[in-house]
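The values are calculated or read from the model by the stated rules, or taken from the named source; none is laboratory data. Everything quoted here is computed from the prediction, not taken from an experiment. Note: ideal-geometry Cβ built from the backbone for every residue, glycine included; neighbour counts use all protein chains shown.
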Amino acid sequence: MTDLLSRPDQLDEAARERLRGVLHWLYEEAGPLLPRTSLFFGGFCAALRRAGLPVERASLHLRQLHPQFAARTLLWNADAGGAVEQDRRHGVSNTPLFLRSPVKPIYEGAPAIRRRLDGSDALDYPVLDDLKEQGYSDYTIRPVRYSAKQPMALSIATKAPQGFSERDLAILDALLTPFGSLLELAETRRTTGLLLDTYLGPQAGRQVLAGDILRGQGRHIEAVVWMSDLRNFTELSNSLPLDKVITLLDAYFDAMCGPVRERDGEILKFIGDSVLAVFPIPEGQAGCPVATHRALEAAEQAIERLEALNDELAGQELPRLRAGIALHSGEVMYGNVGAADRLDFTVIGPAVNLVSRLGPLARDLDPPIVVSARLAGYLDRPLRRLGAFALKGFAETQEAYALAEPVEQAAQ
């Protein structure tokens, strides 16, 4: 902070005093806001205004490492008082909106861009015409450099008749490095969390971030265990081009996983064409009907979505996809297993073994959902007994149940 304040640049003593206020906010007050980039950015814009910069609109453009989105934009308005976020999907860099945006040259390494909107400068980007119509008088977008090779972009605009003074912009430039450093810390943690959520699931990801990273470390929990698998996947993958197989597999996973997430289930892993998920049961509530019913509802919804997907595939002359889902309730160990330097966060235990053995029993069911005897005891839905089966690895036969046939179907 001392180094920043001692730089000659265009910072006279009055400007340095204004700078001190924003630096104090960045280093002493902004910490609790860092987990939420929108709050941190909104607080920074408010601190700029308190320092006398006539900022009335600001935007922050960030690249991000995410399987669905390539970047995101944070937009702040003084009248609204807060910043809102908008994700940008992969491919946005090829859209006319981006190609004609001042963000593009900043991303490519250009220096700061400034345009007066009162007629003295060329309005060479469409956004500038929009801002002028809204009454803004001055606009600038500046690179925010940090350890990554490609910068972020920060724009500010004002409606003040005099626009931004050179002192205003010198203060802003002096703040971009500390602002960028804190923003990078926040974005690094956010990216880490997103990647853990993507590859491990939200609950498992939070536990890893909290320090649950030792091999063998885990918790014994009660959960409804879900396993679904795609039928005849080997034949499917041998008869279609690989890119079509991947597309079909992704569509199948979307159909299965959406309902699980929507009902507070945790998707733990994809095993070939199978999905392993759990619906944790609160401690002391073994047989909790809420988790049990959520799991069954998710299974029914997944089968419905798979049927809707099959209607789409039929129009593309692609084969129908068939799946089976097995559900069981029991105790599992939820934690780290694996080699010393290559761990997996998953669930293990007899409950997982049983649900994997029940899956094939759903092959000829309609809907193709099979539940264990224990889970059946927690349901108030009409069920039909399939029988007692000798399952590999289990000394005793295991009873299995299916949903009762609809009345109109049973009468046919």
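Looking for whichever is surrounded by 15 or more Cβ atoms within 10 Å (Cβ to Cβ) and within 24 Å of the chain's Cα centre (by Cα) here; the options are H90, H66. Which one fits?
Values: H90 fails: surrounded by 15 or more Cβ atoms within 10 Å (Cβ to Cβ).
After applying the criteria, what remains is H66.
So which of Q207, Q203 is surrounded by 14 or more Cβ atoms within 10 Å (Cβ to Cβ), polar (S, T, N, Q) and in contact with an Asp or Glu (Cβ under 7 Å, 6 or more places away or on another chain)?
On the way: Q207 fails: in contact with an Asp or Glu (Cβ under 7 Å, 6 or more places away or on another chain).
Result: Q203 is the single residue among Q207, Q203 that is surrounded by 14 or more Cβ atoms within 10 Å (Cβ to Cβ), polar (S, T, N, Q) and in contact with an Asp or Glu (Cβ under 7 Å, 6 or more places away or on another chain).
Name the pairs: first residue in the range 292-318 and part of a loop (DSSP other than H, G, I, E, B), second residue crowded, with 16+ Cβ neighbours inside 10 Å, Cβ to Cβ under 8 Å, at least 6 apart or on different chains?
Short answer, once both residue conditions are applied: L318/L248.
Report whether or not P143 is surrounded by fewer than 19 Cβ atoms within 10 Å (Cβ to Cβ) and either without any contact (Cβ under 8 Å) to a residue 12 or more places away in the chain or within 20 Å of T177 (Cα to Cα) (or both). Outline the logic, then answer.
On the way: surrounded by fewer than 19 Cβ atoms within 10 Å (Cβ to Cβ): no; either without any contact (Cβ under 8 Å) to a residue 12 or more places away in the chain or within 20 Å of T177 (Cα to Cα) (or both): yes.
Answer is no for this residue.
Here is a yes/no grid of residues against (1) among the basic types (K, R); (2) assigned to a helix (DSSP H, G or I):
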| site | (1), (2) |
| --- | --- |
| I325 | no, no |
| Y334 | no, no |
| V337 | no, no |
| F345 | no, no |
| V355 | no, yes |
| R374 | yes, yes |
| G393 | no, no |
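Six or more apart or on different chains, Cβ atoms under 7 Å: show the pairs whose first residue is in the range 205-224 and of a type in the set (D, E) and whose second is at pLDDT below 80.
Listed by first residue and then by second, the contacts come to E222/A286.
For the range 16-135, which helices (runs of 4 or more DSSP H) that fit wholly inside it have 3 or more residues that are of a type outside the set (F, W, Y), within 25 Å of T191 (Cα to Cα) and in contact with a strand residue (DSSP E or B) (Cβ under 6 Å, 6 or more places away or on another chain)?
Working: elements: 37-50, 96-99, 103-107, 126-133.
Output list reads 37-50.
Could you please give the count of residues in the range 340-353 that are in contact (Cβ under 8 Å) with a residue 24 or more places away in the chain and either crowded, with 21+ Cβ neighbours inside 10 Å or under 28 Å from the mean Cα position of the chain (by Cα) (or both)?
Pass one, the range 340-353, residues in contact (Cβ under 8 Å) with a residue 24 or more places away in the chain: 340, 343-347, 351-353.
Subsequent filtering for residues that are either crowded, with 21+ Cβ neighbours inside 10 Å or under 28 Å from the mean Cα position of the chain (by Cα) (or both) retains 343-347, 351-352.
Of the residues in that region, 7 qualify.
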